[in-house]
Protein chains: 2
Amino acid sequence: MNNLTIVKVGGAVVEDPTTLNTLLDDFAAMQGNKLLVHGGGRAADKLLNRLGVEIKKVDGRRITDKETIDVVTMVYAGLVNKNIVAQLQRRGVNALGFTGADLNIILSHKRPVKTIDYGFVGDVDSVQTEVLFSLIEQGAVPVVSPITHDGRGQLLNTNADTIASELARALAKSCGVTLVYCFEKPGVLMDATDDNSVIGTLTYDKFKEYQATGIINEGMIPKLDNGFDAIRAGVASVVITNTDGLKNGRGTRLVI
Amino acid sequence: MNNLTIVKVGGAVVEDPTTLNTLLDDFAAMQGNKLLVHGGGRAADKLLNRLGVEIKKVDGRRITDKETIDVVTMVYAGLVNKNIVAQLQRRGVNALGFTGADLNIILSHKRPVKTIDYGFVGDVDSVQTEVLFSLIEQGAVPVVSPITHDGRGQLLNTNADTIASELARALAKSCGVTLVYCFEKPGVLMDATDDNSVIGTLTYDKFKEYQATGIINEGMIPKLDNGFDAIRAGVASVVITNTDGLKNGRGTRLVI
C-alpha cells in the first residue's frame, strides 16, 4: 500500500441526512485506499437531553461521566457508526466499523485530573497500524468512531479530530497519507461570515498570527493544532474543507 | 483453520455484570479459534422505557419500528458490543465487534408482512464466511451483535440465536464447528424448576415429543429449532448450557 486518504467527517455533516448522503457519495467515489473517521454531533446531546442527563462542557469539551460514556458509546459506536457502515455497503464500499477497542487499534488513558475532571475522556497513547494496513490492503474500509479504550476494559470518549490526526501520523510511517478534515465550512475562513474567504494555503506562522488576532478561533484551533501536528509527523497533506471540497480538491491546505 | 467454537451468549447472561464477567473469563480461557455472538437482553427495553417508546412484542418477538431499530442498534451494536470487546481486550483476546453490515458478513431482508408486521426485523439471506475465516486465522475473535443489514442501507434487528446458527452452518462448510448456546440454565431441563434435571443428550424426536407434552416450551423451542437446523447442516456439535457448562463441558448435546 503506497497511499491512503483519511477523511474525518464532523458532527454537523453527520447529523444532517442530506449532507451525510452527499459526503458518503463522494467518499464512495474516491479512488484508492481510504479510511473514514466520524464525530457524533448533536445526536449524543439529543439523547442525553431525552434521558434527562445533564450535559456538561468546559470550553466546548464534554465532561464524560459514567452515564455519558454509555450514551456516547451507544450513539457514536452504535447508531452513527453502523448507519454509516450500512450506507457505505449500499454504495459498494466494504466498510468495517471500529472503535479503538476493536482489534486494540487505539489505546488511550483516562485524562488525568488537573483543574478539570473530564471524566471518561481518553488521550491517545498508541495506534496499532499493522492490522489496519492489512485490512485496508485486503479491500476493507475502516470507519472509526471516536471511542477508544484503556486496555483495562474501560471505554473512553476521544476527540474525533485527534483520532484522525493520530491515525494519520501513525500510518504515515508506512505510506503516503492525505488527511482531509471535512466539516460544514469550505475551509479556514478569513471572515467567518463569508464562505468565499477561504485561505488556500495556511502556514503555521500565519495560523498563530490569525489566532492572536482572533481571525481563527474556537473549534478551529484544536483542529488546526491536530493538523499541524500531523504535518510535522510526516503526513503528506492536510486539507480542511467541506463535502464540495472533498470532491473538487478545494479547501485550506496546511504547510509548515 | 480446522476447528472453530461459536459461543452464543444470551441477554440474561450479558445484562448481569457478574455472569458476564464469568462468561468472558471462561470464553477468554477457551483454547483454539472462537467467535462470540451476543444478545442484548433487557438493556434495550430499559432504554426504550426511559425514552417513553412503547415496547411491542408478539409471542416474545419484538416489533421493531423506526425508533426501536435505532435503540437496539445503539444498545446491541454500541453499548453491549463495545463493552464486551473492551472487556475481552483486557483479557488479552483480540476481539473485533461486528454487525452483519460490517464487511457485509450477514445480509438479510426485512421480514415480509403476513399477519404481523414485525417492522425492521431481518431474516438472514447469506453469510460471507471468507472474510471471517481470514480474520480468525489472523488471530481476531469476532464479537457479533444481533443487527444485520439489507444491502440497501437499512439495518435490521435479527434474532441472536438465529445469527449464531446461521454463522455456524455457513462456517461448517469449511471447518469443524462447535456451537454452544450459553444461557442462564445448565441445559434443557426435564423440569423447569429443577436445575439438576438437565437432559444430557437430546434427539430431534425427543425434542418434538417434549414439545408436544409441554416439557419444552417458550423461548427454548426456537433455540432448539435453530440448533437442530445447525446439526442437520453439518455443524459438528451443538450444546445448550450455562457459563459453568461452558467451562466443564456439561449441558444438553443435540443429536439427530
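The values are calculated or read from the model by the stated rules, or taken from the named source; none is laboratory data. Small disclaimer: the values here were computed from a predicted structure and weren't measured. All Cβ positions, even for glycine, are placed from backbone atoms using ideal geometry, and neighbour counts span all protein chains on display.
Quick notes on this structure:
- Filtered residues of region A:169-185 (kept if under 24 Å from residue A:19 (Cα atoms) and touching a strand residue (DSSP E or B) at 6+ places or on another chain (Cβ under 9 Å)): A:178, A:179, A:180, A:181, A:182, A:183, A:185
- Failed item, numbered, when residue B:21 is tested on (1) buried (at least 21 other Cβ atoms within 10 Å of the Cβ); (2) within 14 Å of chain A (Cβ to nearest Cβ); (3) touching a helix residue (DSSP H, G or I) at 6+ places or on another chain (Cβ under 8 Å); (4) closer than 27 Å to residue B:243 by Cβ: (1)
Table: residues versus (1) over 19 Å from the mean Cα position of the chain (by Cα); (2) closer than 25 Å to residue B:236 by Cβ; (3) in contact (Cβ under 8 Å) with a residue 24 or more places away in the chain.
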residue: B:92; (1), (2), (3): yes, no, yes
residue: B:98; (1), (2), (3): no, yes, yes
residue: B:105; (1), (2), (3): no, yes, yes
residue: B:122; (1), (2), (3): no, no, yes
residue: B:125; (1), (2), (3): no, yes, no
residue: B:131; (1), (2), (3): yes, yes, yes
residue: B:141; (1), (2), (3): no, yes, yes
residue: B:161; (1), (2), (3): no, yes, yes
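- Filtering region A:44-65 to residues that are within 12 Å of chain B (Cβ to nearest Cβ) and either assigned to a helix (DSSP H, G or I) or in contact with a strand residue (DSSP E or B) (Cβ under 7 Å, 6 or more places away or on another chain) (or both) leaves A:44, A:46, A:47, A:48, A:49, A:50, A:51.
- Evaluation of residue B:192 against (1) assigned to a loop (DSSP other than H, G, I, E, B); (2) modelled with pLDDT of 95 or more (one fails), failing number: (2)
- In the condition set (1) more than 21 Å from residue A:51 (Cβ to Cβ); (2) buried (at least 16 other Cβ atoms within 10 Å of the Cβ), residue B:64 is compliant with all but (1).
- Residues of region A:90-100 include at least one that is buried (at least 16 other Cβ atoms within 10 Å of the Cβ), of a type in the set (D, E, K, R) and over 23 Å from residue A:71 (Cα atoms).
- Some residue of region B:36-47 being touching a residue at least 24 places away in the same chain (Cβ under 8 Å), closer than 22 Å to residue B:237 by Cβ and among the aliphatic types (A, V, I, L, M): yes
- Residues in region B:140-166 that are of a type outside the set (A, V, I, L, M, F, W, C) and touching a Pro at 6+ places or on another chain (Cβ under 6 Å): 1 in all.
- Residue match in region A:30-38 (condition: more than 14 Å from every other protein chain (Cβ to nearest Cβ), assigned to a loop (DSSP other than H, G, I, E, B), of a type in the set (S, T, N, Q) and in contact with a strand residue (DSSP E or B) (Cβ under 8 Å, 6 or more places away or on another chain)): yes
- Exactly one residue among B:201, B:178 is at pLDDT 95 or above, over 16 Å from the mean Cα position of the chain (by Cα) and under 23 Å from residue B:30 (Cα atoms), and that residue is B:201.
- Hits in region A:45-81 (condition: under 16 Å from the mean Cα position of the chain (by Cα) and within 18 Å of residue B:83 (Cβ to Cβ)): A:72, A:73, A:75, A:76, A:77, A:80, A:81
- Residue in region B:89-101 that is among the aliphatic types (A, V, I, L, M) and more than 29 Å from residue A:132 (Cβ to Cβ) present: no
- Sub-6 Å Cβ pairs linking a first residue in region B:61-82 that is free of Cβ contacts under 8 Å to residues at least 24 places away in the same chain to a second residue that is part of a helix (DSSP H, G or I), at least 6 apart or interchain, are B:70/A:79; B:78/A:73; B:78/A:74; B:78/A:77; B:78/A:78; B:82/A:73; B:82/A:77, ordered by first then second residue.
- Residue A:156 being under 21 Å from the mean Cα position of the chain (by Cα), among the aliphatic types (A, V, I, L, M) and more than 23 Å from residue A:231 (Cβ to Cβ): yes
- Wholly within region B:75-186, helices (runs of 4 or more DSSP H) carrying at least 2 residues that are within 11 Å of chain A (Cβ to nearest Cβ): B:81-90, B:129-137
- Number of the condition not met by residue B:70 [criteria: (1) more than 8 Å from every other protein chain (Cβ to nearest Cβ); (2) out of contact with any Gly (no Cβ under 8 Å at 6 or more places or on another chain)]: (1)
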